[in-house]
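The values are calculated or read from the model by the stated rules, or taken from the named source; none is laboratory data. Small disclaimer: the values here were computed from a predicted structure and weren't measured. Neighbour counts are summed over all protein chains in view; Cβ atoms, including those assigned to glycine, are modelled from backbone coordinates with ideal geometry.
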Amino acid sequence: MGGRIGLPEIIVILVIVLLVFGVGRISKVSEELGKSVRSFRKGLSGDEEQKEESDKKEENKDNDTNVQI
């Protein structure tokens, strides 16, 4: 065994997980995982928007300072 996981091993693992947790529990976990990923992506895009806004504010400050001199 070279340490690689093939298709048969993955199928066995999925069947065991299905037996242990059940279909209802797996669907709830996958739903929560999807919500978490969406929230994470939304947070990342929000950070980018905030960074752009702060860059624009700094640029405007620099322009205002140059005008006053």
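Odds and ends about this structure:
- The requirement of being at pLDDT 85 or above and part of a loop (DSSP other than H, G, I, E, B) is fulfilled somewhere in region 5-26, by at least one residue.
- Any hit, region 31-39, residues being assigned to a helix (DSSP H, G or I), surrounded by 10 or more Cβ atoms within 10 Å (Cβ to Cβ) and either among the polar types (S, T, N, Q) or modelled with pLDDT under 90 (or both): yes
- Inter-residue pairs, beta-carbon under 6 Å, first of a type in the set (Gly, Ala, Ser) and in region 33-54, second outside any helix (DSSP H, G or I), 6+ apart: none
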